[in-house]
Amino acid sequence: ALQPKVVIVIFGATGDLASRKLYPSIYNLYKKGQLSENFAVVGLARRPWTDEVLRENVEKSVDKAFSPNEDLSEFASHFYYQSFDVTDDSTYAGLNTLMSKLDETYQTEGNRLFYLAMAPNFFGMIAKKLKEYGLKESNGWTRLIIEKPFGHDHPSAEDLNNEIREAFDEEQIYRIDHYLGKEMVQNIEVIRFANGIFEHLWNNQFISNIQVTASEVLGVEDRARYYDDSGAIRDMLQNHIMQIVSLLLMEPPIKLTTDEIRSEKIKVLRALRKIEEDKIDQYFVRGQYDAGEIDSEAVPAYRAEDQELAESNTETYVAGKLVIDNYRWAGVPIYIRTGKRMAKKAINIVIQFKDLPMNLYYKSSKERYPNLLNISIQPNEGITLTLNANKSGSGTLAEPIHLAYNQHAVPGINTPEAYEKLLFDCMVGDATNFTHWDEVALSWKFVDPILNAWSTKKADFPNYKSGSMGPKAADELLEKDGFHWWDI
Ligand code: BG6
């Protein structure tokens, strides 16, 4: 088995992402033998921590994630801390020396992975300095993982990309979208292209509409500053949702290689109809949560979460209808919705198949049950096919039945965390489940008109209760096409 050897540098080592996701993921890779002893991690941040403090925090975060109930000191001994000011040149030189030393101690063959998990306004500068101070020069590979947000609109993303590309080649840049590391997101391709019964029907002749829902129970939490500048479009739609949509709609790749898969996804984004600013309201609905109840607990409105948010016009919810202008999908609406403080945490895809031209077995013309394929990404991981059958005792009429496969219910399957998979992919040089610049660019070009339209018009917020499934207008968006959201 492949066991990458590497020195990993984490910019933002004291942050939330590092402790919630990165340290536990590295631990799991180590535990499972996907990482050998030949690795070291350098944590960087401004705080004056020491190696010991970082190690304690690493142990704490692993304990919190898995309670492994074991001595973690050997694992934690691979971690080193350097206090770092991204704007201060001398610290880059210091980092280079430390990395060379660790390369020798841990025999990492000169492989270097830089992970930018911090405020995005420094991404460009860091990339530039890494090159300037020779940190990219080693006799192994050098790769850069960049967290989102990758810009805040198309022009700023392009500027950032140009800055990074001056220091790193496209093949060295791994733009992470953690949704692409989710087991069931990776499964979309397999379900589609490994099953004749779906793939033959996967087009506008047989599918009436597709629905993608990513609802969250959590509110803004302590990320008011980031989130209020961002909103649901930048936070979820531009990246995670667009990625799911391209996997759902892409043509079968001719080979399972990074380039072939990415190029099919890019084609979907190119076929996505750009909605002009003055027509946005016909296609998109925005929302912001009001106070409400979740799990019988009262929760405050978005504007009451933090003083800074008192007059916020930021959307915490977006629903939309995407239109694809290509041969396979012309005429099939793709509905998407995502939001904070909704009734439940769920990431779900529903493929609604066209109804039969005549069906004598329905109870009434109102109770129609089209066939549905539901792909559940979270918290359930599985697929459910809704069919019509005659349940005993109900005469000759049809009722919906569900054929379900639930991955959690299969013994021995222990789904790895998305970050774990993606970190490993990067270390072995597989960029398939990272976003290519063209995908980032096309997604921004698509959402920019929505952002512009909304930033110039004040919204009537708040407009949905915490604990609900979003504003009424999102239901109307489907109703005017004769559809409704399937809540599965
Ligand atoms: C992140 C967003 O990218 O995804 C968060 O910034 C959101 O606001 C999160 O909560 C959702 O991820 P997941 O894996 O919990 O669905």
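Against the chain, whose longest principal axis is taken from its Cα atoms, helix 51-66 shows a tilt of about 20°. Residues with beta-carbon under 10 Å from that of residue 16, excluding residue 16: net charge, scoring Lys, Arg +1 and Asp, Glu -1? Within the 10 Å Cβ shell, the charges total +1.
If eta is 1.567 mPa s and T is 4 °C, what Stokes-Einstein diffusion coefficient results for the stretch 364-488, Kirkwood Rh from Cα pairs, in µm²/s? Before the final figure, lay out each step's value.
Numbers: Rh = 19.9 Å.
Estimated via Stokes-Einstein, D reaches 65 µm²/s.
Across the alpha-carbon set of the stretch 1-147, the Rg to Rh ratio works out to 0.94, Rh being the Kirkwood radius. Charged neighbours of residue 299, selected by a Cβ distance under 15 Å, balance to -3 (K, R count +1; D, E count -1). If you restrict to DSSP beta bridges whose two residues both lie in the chain, what percentage is antiparallel, to the nearest 5? Looking only at bridges with both residues in the chain, the antiparallel portion is about 55 percent. The angle between the Cα long axis of helix 154-167 and the longest principal axis of the Cα atoms of the chain comes to about 30 degrees, rounded to the nearest 10.
The calculated 222 nm mean residue ellipticity attributable to helices in the chain amounts to -9500 deg cm²/dmol, summing -39500 (n - 2.57) over DSSP H runs of n ≥ 4 and dividing by all residues. Using 0.36 nm per residue and subtracting the Cα-Cα separation, the extra length available between residue 281 and residue 200 on full extension is 25.7 nm. Stretching the chain fully between residue 37 and residue 56 yields a gain of 4.9 nm (0.36 nm per residue, less the alpha carbon separation). Remark: the stretch 347-360, residue by residue, has Karplus-estimated 3J(HN,Hα) of 10, 9, 10, 10, 9, 9, 7, 5, 6, 5, x, 8, 9, 7 Hz, where x stands for each Gly or Pro and the curve is 6.51 cos²θ - 1.76 cosθ + 1.60 at θ = phi - 60°. In this structure, residue 131 and residue 456 have a Cβ-Cβ separation that, at R0 = 35 Å, corresponds to a calculated FRET efficiency of about 0.35.
Average 1/r across all pairs of distinct alpha carbons in the chain, invert it, and you get the Kirkwood radius: 24.3 Å. Remark: accessible surface ordering of 305, 276, 166 (largest first) is 166, 276, 305, probe radius 1.4 Å. Average accessible surface for the chain: 45 Å² per residue, computed with a 1.4 Å probe over protein heavy atoms with every protein chain in place. Close amide H partners of residue 464, meaning residues 5 or more places away or on another chain with modelled amide H under 5 Å apart, are 288, 290. Can you classify the stretch 231-303 as rounded, prolate or oblate using the Cα gyration tensor, where a ≥ b ≥ c are the square roots of its eigenvalues, rounded means a/c under 1.5, and otherwise it's prolate if a/b beats b/c and oblate if not? It is oblate, given that a/c is not under 1.5 and a/b is not larger than b/c.
Rounded to whole Å, the principal axis extents of the Cα atoms in the stretch 1-40 read 31, 17, 12, largest first.
When only alpha carbons are used to place a centre, the stretch 355-391 and the stretch 259-317 end up 29 Å from one another. Ranked by the mean number of other Cβ atoms within 10 Å per residue, highest first, peptides 436-445, 195-204, 327-336 order as 436-445, 327-336, 195-204. 3J(HN,Hα) along the stretch 422-434: 5, 4, 5, 3, 4, 5, 9, x, 9, 9, 3, 9, 10 Hz, from the Karplus curve 6.51 cos²θ - 1.76 cosθ + 1.60 with θ = phi - 60°, whole Hz, x for Gly and Pro. In the chain, the portion of solvent-accessible area held by carbon and sulfur atoms comes to 49 percent [1.4 Å probe, whole percent, DNA, RNA and ligands not counted].
The values are calculated or read from the model by the stated rules, or taken from the named source; none is laboratory data. Since we're looking at a predicted model, the values are computed, not measured. All Cβ positions, glycine included, derive from the backbone under ideal geometry; neighbour counts span all protein chains shown. SASA here: full protein model, heavy atoms, side chains in, ligands and nucleic acids out. Shrake-Rupley method; radii C 1.70, N 1.55, O 1.52, S 1.80 Å.
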